[in-house]
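Novice: Shown below is the structure under consideration.
The values are calculated or read from the model by the stated rules, or taken from the named source; none is laboratory data. Quick caveat: nothing in here was measured; it's all calculated off a predicted structure. For neighbour counting, all protein chains shown are included, and Cβ atoms are generated from backbone atoms with ideal geometry for every residue, glycine included.
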Amino acid sequence: MSPAPSPSTTAASNKTALMNSPLGKALSVFSALLLLAAIAASVMRLSLNGWGAMVWLASFTVMVLIRAPHAQRNRANEITGGRTDWVERLLLLAMFATMMALPLLQLATGVLGFADYALPAWATWLGALLQLPYLWLFWRSHTDLGRNWSPGLELRRTHELVTHGVYQRVRHPMYAAIWLAALTQPLLIHNAIAGLLVIPAFAAMWFIRVPHEEAMMRAEFGDSYDLYCERAGRLMPR
Ligand code: SAH
């Protein structure tokens, strides 16, 4: 007799079924169109948004392009475990709101203009230059994790512990990249809601999710994960 599926496995396969259904596909097309419309509206407001916000928009577009093929391919993964509780969902929602929805809303419409602030030009330049290491690390970590990447906390059938490439000396290079993105967003988008709120949102993600993620990896890979932790630092190389 096969074992009963765990609640997280059932939730993950329900999600996969929804995403592959006609409704799921229609929703994906709708969100892609909405995204394109928001980007176009933001570009049209170029002179109002300022060049820092345009750098953010370019960097955001590259980030979406880096992630899209991995998201598409890994949709076929068979998920066997992980964590999909309300805390996880809330953290992902907060990241979606502060890293995508609110900045695009502000750039496309200017409705959050009451929360604008001014910064010296060097701060905007610093934010712009740091997009390069951010996007490089974001791309490398997706490439190195390959099929083992997922936006949520998930384990797939035949999940492998990746310890090569940028994972060789750092355990969370993708989160290091997202830290760079979060810390530079308020330097590029000079608005307390659309620019700054991502910092507390990602801080919550970092402090709440990382211990859960590491516990999940330890439960799955045991001693190999402990040995890996001895060699590799969390955010910085040892
Ligand atoms: N925390 C990592 C990965 C983020 S993506 C980073 O910042 O680079 C989250 C998923 O990656 C988790 O669900 C987990 O399944 C997977 N993951 C994290 N570290 C991994 C590793 N070293 N090898 C394989 N999978 C890993």
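Novice: In the stretch 210-232, how many residues are in contact with a strand residue (DSSP E or B) (Cβ under 7 Å, 6 or more places away or on another chain) and farther than 18 Å from Gln168 by Cα? Quick ask: steps written out before the conclusion?
Specialist: At the first step, the residues of the stretch 210-232 found to be in contact with a strand residue (DSSP E or B) (Cβ under 7 Å, 6 or more places away or on another chain) are 212-213, 216, 220, 232.
Remaining after also requiring farther than 18 Å from Gln168 by Cα: 212, 216, 220.
So the count comes out to 3.
Here's the yes/no breakdown for (1) over 30 Å from Thr80 (Cβ atoms); (2) buried (at least 16 other Cβ atoms within 10 Å of the Cβ); (3) touching a residue at least 12 places away in the same chain (Cβ under 8 Å); (4) not basic (Lys, Arg):
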{"position": "Ser21", "(1), (2), (3), (4)": "no, no, no, yes"}
{"position": "Ser28", "(1), (2), (3), (4)": "no, no, no, yes"}
{"position": "Leu35", "(1), (2), (3), (4)": "yes, no, yes, yes"}
{"position": "Met44", "(1), (2), (3), (4)": "yes, no, no, yes"}
{"position": "Leu48", "(1), (2), (3), (4)": "yes, no, yes, yes"}
{"position": "Trp51", "(1), (2), (3), (4)": "yes, no, yes, yes"}
{"position": "Leu57", "(1), (2), (3), (4)": "yes, yes, yes, yes"}
{"position": "Val64", "(1), (2), (3), (4)": "no, no, yes, yes"}
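Novice: Taking the stretch 225-238 only, how many residues are out of contact with any His (no Cβ under 8 Å at 6 or more places or on another chain), modelled with pLDDT of 95 or more and either of a type in the set (A, V, I, L, M, F, W, C) or under 26 Å from Asp85 (Cβ atoms) (or both)?
Specialist: 6
Novice: Something else about it: Any idea how many residues of the stretch 112-142 are within 21 Å of the chain's Cα centre (by Cα), more than 12 Å from the ligand (Cβ to nearest atom) and not aromatic (Phe, Trp, Tyr)?
Specialist: Total meeting the criteria: 8.
Novice: Turning to a different aspect of this structure: Specify the residue that is nearest to Ser42 (Cα to Cα); the eligible residues are those in the stretch 143-165 that are in contact (Cβ under 8 Å) with a residue 12 or more places away in the chain and more than 8 Å from the ligand (Cβ to nearest atom). Before the answer, list the steps.
Specialist: Keep residues of the stretch 143-165 that are in contact (Cβ under 8 Å) with a residue 12 or more places away in the chain, which gives 143-157, 159-165.
Add one more test, that the residue is more than 8 Å from the ligand (Cβ to nearest atom), and what stays is 143-144, 146-147, 157, 164-165.
Working: Thr143: 30, Asp144: 33, Gly146: 32, Arg147: 33, Arg157: 41, His164: 39, Gly165: 36 Å.
That would be Thr143.
Novice: Can you tell me which residue is nearest to Ile189 (Cα to Cα) among those in the stretch 117-162 that are crowded, with 16+ Cβ neighbours inside 10 Å and of a type in the set (S, T, N, Q)?
Specialist: Among them, the one singled out is Thr124.
Conditions tested, residue by residue: (1) within 11 Å of the ligand (Cβ to nearest atom); (2) loosely packed, with under 15 Cβ neighbours inside 10 Å; (3) under 21 Å from the mean Cα position of the chain (by Cα).
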site	(1), (2), (3)
Arg171	yes, no, yes
Ile178	yes, no, yes
Ala181	no, no, yes
Trp206	yes, no, yes
Met217	yes, no, yes
Asp223	no, yes, no
Arg238	no, yes, no
